Amino acid sequence: MNNAYYITASELAARGFADLPEELTQAKHLIYSSPATLDFNSPGAKGFGVKRAGLCVPGSVMLLVAPGCCGRNTALLNELGYHERFYYLLLDDTDIVTGRHLKKIPEACAEICESMGENPSAIMICVTCVDALLGTDMERVCRSCEEKTGVPAVPAYMYALTREKRIPPMGLTRKSVYSLLKKQKRHADECNLLGFFAAMDSENEIYPLLKHAGLNAVREIGRCGTFDDYAAMSRANFNLVLNPEARYAAQDLYERLGIPFIELTRVYRPEKIRNQYRLLGQAIGKTLDDTRYYAEAVQAVEAFRKDFAGLSVAVGECLNADSFELALSLTEFGMHVAEIYGTVGERNFVYLKKLAAVSPETRIYSNLSPTMLGYERDCDIRAAIGNDAMYYHRDLPGVGFNDEAQTFGYRGVTLLLSQLAKAIREGRQIAEAGK
Amino acid sequence: MKKLLKYISPLAPDDSGACAVLYELGGVVVICDAGGCTGNICGFDEPRWHEKKSALFSAGLRDMDAILGRDKRLIEKLGAACRQLSALHPRFTVVIGTPVPAVIATDLHAVRRMAEKETGLPCLALDTDGTAYYDTGAEKAYLALFETFAKEACPVRKGRLGVLGATPLDLGLTRADRLTAALRAEGWDEVICMGLDSGIDEITAAASCEHLLAISPAGLKAAEYLSAKFGTPFTAGCPLLPAETVQAAAALNGKRVLIIHQQFAANALREKLAGCTCDCATWFQFHRKYAQEGDFRITGEDILREKAAQYDVIIADRDLMRMLPDYKGGRIDFPHYAVSARLL
């Protein structure tokens with residue numbers, strides 16, 4: 001029996017964003033960090049949480065200043081080769097009440113530099129809920145560390161307590177990561193992509209589109225192999241923000257270095273993508289000829305529609321998309337979205353309302369609701385999209401679509417549909433073989 | 001610096017230890033945090049999270065909850081969860097401390113009373129704070145459980161052994177079958193691993209055990225408590241060691257050996273070594289009563305780096321060996337989940 005709370009898209013749209021049910025409002029219930037949502041729910045956990053993201057600056061190391069519990073899962077990153085870049089200053093019960101540990105941080109930084117033999121490019125000093133509550137002035141602490149070691153020190157705020165604030169921890173981390181950039185002469189034919197920590201999928205159309213528009217250097221932090229590569233990012237004429245969490249960093253770069261920014265949204269409907277590229281072209285005074293890529297995306301949609309029209313799917317939120325925008329896109333592609341496991345926010349409620357008009361019976365669940373402990377599938381679903389959806393439907397074909405190499409634009413559409421079609425066909429073959 | 005880790009990652013903390021004891025007992029457990037501690041526990045220290053469901057939640061605290069001390073809101077959320085999960089028939093609730101309630105000095109006793117009033121269920125409130133090691137948290141959880149639920153004496157069942165300290169953090173196992181098989185082979189008819197493949201009823205009936213075995217220091221205080229309350233005799237010792245480690249260690253002869261693990265497991269391995277001079281060391285609880293001359297507690301990476309040169313062979317979890325990049329002696333891996341989160 002399915003004991004998990006859900007509400008249909010039409011019911012939710014009728015209630016409006018101001019009247020969300022408590023089960024869909026994180027602040028009003030306990031948080032269920034099921035295996036489906038672990039990396040989503042904990043800002044320091046898998047993928048690019050604060051800890052790993054902070055180390056995107058080439059040659060940097062991180063000092064985590066926290067009780068042992070906050071750094072425990074960092075061992076996961078050791079498997080990715082980070083163990084020589086993490087250091088821990090463990091706080092005891094007196095430290096967390098009195099803040100006496102703050103005086104030890106510069107000394108710890110000095111000991112780290114001494115043990116390394118050669119200085120790192122920067123020391124990212126990661127602090128947690130303890131210092132959020134103590135009101136620690138991290139800028140001042142970092143200045144002390146820099147005076148003691150001669151190495152730039154930058155705060156990385158792993159403040160889970162502030163996750164729903166205007167600037168969440170990952171927003172602050174993005175600002176920190178770019179904060180070492182220094183003002184230099186800007187070049188008209190260079191730009192940066194901001195938003196992701198790993199390099200984007202190399203096949204993405206955004207690279208040739210920008211190149212044909214005369215941008216000879218398109219930089220992103222995930223492709224910076226050295227500190228010099230990183231430092232060159234401040235040569236950019238403008239920043240393209242591909243993830244709203246990078247907006248604060250972009251604003252900071254504008255204020256400090258005078259680099260303006262343009263924000264694009266990741267969407268999956270080809271017409272909307274085309275419109276965005278048209279507007280981007282207008283903003284930079286060029287024409288972005290996306291004809292070929294648009295045609296490929298439309299062709300991919302039509303091919304998918306031909307083979308899988310009416311297919312019933314579940315869409316999660318642990319994936320490289322906004323759950324509700326993707327659900328709306330898939331519905332327009334001819335699929336039936338039976339269930340969404342997602343977080344309803346003011347921004348994506350717009351998509352929810354449009355979805356309610358074309359798929360009113362789509363069920364909306366919150367991954368984080370305690371009631372998800374009792375989730376069982378009780379409707380027709382044939383495929384799952386997103387790591388969390390795949391967790392709930394382990395017996396169905398599916399795609400996680402949650403790679404570190406992020407995707408964007410038309411490439412996202414073609415990649416998702418090709419991966420999904422492959423998974424469904426393979427699932428059918430296995431089912432046939434089992435008969 | 002004593003508290004600076006330059007080579008290894010932090011070891012399993014007290015809140016993880018508490019959760020490990022409570023995981024299978026059928027309560028609604030709330031980690032009083034903002035989400036990060038729960039992520040560490042569920043995503044790293046609790047291997048059962050991926051195979052056995054448990055009503056283990058984060059309080060989802062936000063800065064204003066902490067600044068304003070909104071305990072009432074936490075209790076309302078807990079009450080709502082108990083109602084929503086009524087089909088699971090929760091028997092009790094637990095609030096587990098983290099650094100957040102420690103910093104703001106949350107009155108956990110008041111929280112316990114408020115929770116009991118809201119839900120009508122017994123509540124345990126554990127003052128873990130994430131700065132101590134897992135064995136301290138597990139110890140607190142065991143004690144609170146037995147003090148709350150094992151109140152009545154009951155007839156002793158001959159041949160029934162109660163095992164304390166058996167959690168994945170010590171055993172590296174998510175099921176009790178290998179441990180119970182080893183103890184049955186020693187002659188026990190019925191082996192109850194408290195909190196591992198057993199429930200709250202076994203905790204309530206703790207007095208029915210003929211004997212208690214603390215397999216790690218985490219279970220020692222509870223064993224002493226039950227012994228004092230019901231007169232149940234207890235011993236300390238670890239009957240299940242990784243076969244590969246034992247095999248490699250037993251082949252040593254005439255060596256100066258250092259074994260690093262939780263104290264009872266290290267002691268148990270020492271008994272398998274003949275013809276060697278052997279010291280035991282631990283990062284975790286160190287009880288002089290169970291130690292031999294030369295045994296010591298590791299209080300920082302530098303302590304171990306200084307002492308290592310005295311030994312021909314070090315038997316320890318391989319993650320700890322990162323501390324000794326220049327060590328020239330022999331190394332034998334002795335996995336410990338609370339160190340490297342590796343299952344056996």
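The values are calculated or read from the model by the stated rules, or taken from the named source; none is laboratory data. Worth saying up front: this structure is predicted, and the values here are computed from it rather than measured. FYI the Cβ positions are ideal-geometry reconstructions off the backbone, even for glycines, and counts take in every protein chain you see.
Counting residues that are at the interface with chain A (Cβ under 8 Å from one of its Cβ atoms), which strands (runs of 3 or more DSSP E) fully inside segment B:1-101 reach at least 1?
On the way: elements: B:28-31, B:56-58, B:93-96.
Here the list reads B:28-31, B:56-58.
Give me the residue from segment B:308-317 that is surrounded by 15 or more Cβ atoms within 10 Å (Cβ to Cβ) and more than 19 Å from residue B:265 (Cβ to Cβ) and, out of that set, farthest from the other protein chains (Cβ to nearest Cβ).
Taking segment B:308-317 first, the residues surrounded by 15 or more Cβ atoms within 10 Å (Cβ to Cβ) are B:308, B:311-317.
Keeping just the survivors that are more than 19 Å from residue B:265 (Cβ to Cβ) gives B:308, B:312.
On the way: B:308: 17, B:312: 26 Å.
Per the criteria, the residue is B:312.
Can you confirm whether residue B:138 is assigned to a helix (DSSP H, G or I), crowded, with 21+ Cβ neighbours inside 10 Å and touching a residue at least 24 places away in the same chain (Cβ under 8 Å)? Working first, answer last.
Working: assigned to a helix (DSSP H, G or I): yes; crowded, with 21+ Cβ neighbours inside 10 Å: yes; touching a residue at least 24 places away in the same chain (Cβ under 8 Å): yes.
So residue B:138 passes the test.
Taken over segment B:215-249, the criterion of being touching a residue at least 24 places away in the same chain (Cβ under 8 Å) and over 22 Å from the mean Cα position of the chain (by Cα) is satisfied by B:229, B:230, B:244, B:246, B:248, B:249. Scanning segment A:114-143 for residues that are within 11 Å of chain B (Cβ to nearest Cβ) and without any contact (Cβ under 8 Å) to a residue 60 or more places away in the chain gives A:114, A:115, A:116, A:129, A:132, A:133, A:134, A:135. The residue that is farthest from residue A:89 (Cα to Cα), among those in segment B:318-336 that are crowded, with 20+ Cβ neighbours inside 10 Å and out of contact with any Asp or Glu (no Cβ under 7 Å at 6 or more places or on another chain), is B:332.
Among the residues of segment B:240-249, the one identified as surrounded by fewer than 16 Cβ atoms within 10 Å (Cβ to Cβ) and either within 30 Å of residue B:209 (Cα to Cα) or modelled with pLDDT under 95 (or both) is B:243. In segment A:324-336, is there at least one residue being farther than 23 Å from residue A:15 by Cα, surrounded by fewer than 20 Cβ atoms within 10 Å (Cβ to Cβ) and in contact (Cβ under 8 Å) with a residue 60 or more places away in the chain? For segment A:324-336, residues farther than 23 Å from residue A:15 by Cα, surrounded by fewer than 20 Cβ atoms within 10 Å (Cβ to Cβ) and in contact (Cβ under 8 Å) with a residue 60 or more places away in the chain: present.
Test of understanding: among A:424, A:340, which residue is of a type in the set (A, V, I, L, M, F, W, C), closer than 18 Å to residue A:2 by Cβ and at pLDDT 95 or above?
A:340
Total residues in segment A:372-400 satisfying the condition of being within 14 Å of chain B (Cβ to nearest Cβ), in contact (Cβ under 8 Å) with a residue 60 or more places away in the chain and more than 16 Å from residue A:38 (Cα to Cα): the figure is 3. Filtered by the rule that a residue be assigned to a loop (DSSP other than H, G, I, E, B), farther than 23 Å from residue A:38 by Cα and touching a Ser or Thr at 6+ places or on another chain (Cβ under 8 Å), segment A:323-365 gives A:335, A:359, A:360, A:361, A:362. Within segment A:243-281, the set of residues being more than 14 Å from residue A:174 (Cβ to Cβ), in contact with a Phe, Trp or Tyr (Cβ under 8 Å, 6 or more places away or on another chain) and in contact (Cβ under 8 Å) with a residue 60 or more places away in the chain comprises A:259, A:264, A:266, A:270, A:273. Picking from residues in segment A:70-89 that are of a type in the set (A, V, I, L, M, F, W, C) and over 12 Å from residue A:128 (Cβ atoms), the one that is nearest to the other protein chains (Cβ to nearest Cβ) is A:75.
When the residues of segment A:164-201 are filtered to those that are more than 14 Å from chain B (Cβ to nearest Cβ) and of a type in the set (Lys, Arg), which remaining residue is surrounded by the fewest Cβ atoms within 10 Å (Cβ to Cβ)? Of everything passing the filter in segment A:164-201, A:185 is surrounded by the fewest Cβ atoms within 10 Å (Cβ to Cβ). Restricting the first member to segment B:66-81 and to residues that are surrounded by 15 or more Cβ atoms within 10 Å (Cβ to Cβ), and the second to residues that are of a type in the set (D, E, K, R) and not in a helix (DSSP H, G or I), the beta-carbon pairs closer than 8 Å and six or more apart or on different chains are B:71/B:107. Criterion applied to A:215, A:161, A:240, A:209 was being farther than 17 Å from residue A:56 by Cβ, within 14 Å of chain B (Cβ to nearest Cβ), surrounded by 15 or more Cβ atoms within 10 Å (Cβ to Cβ) and touching a residue at least 24 places away in the same chain (Cβ under 8 Å), and the one residue passing it is A:161. The set of residues in segment A:48-61 that are away from chain B (no Cβ under 12 Å) and in contact with a Lys or Arg (Cβ under 6 Å, 6 or more places away or on another chain) contains only A:55. When we screen A:60, A:115 for residues that are out of contact with any Leu (no Cβ under 8 Å at 6 or more places or on another chain) and closer than 19 Å to residue A:48 by Cα, the only hit is A:60.
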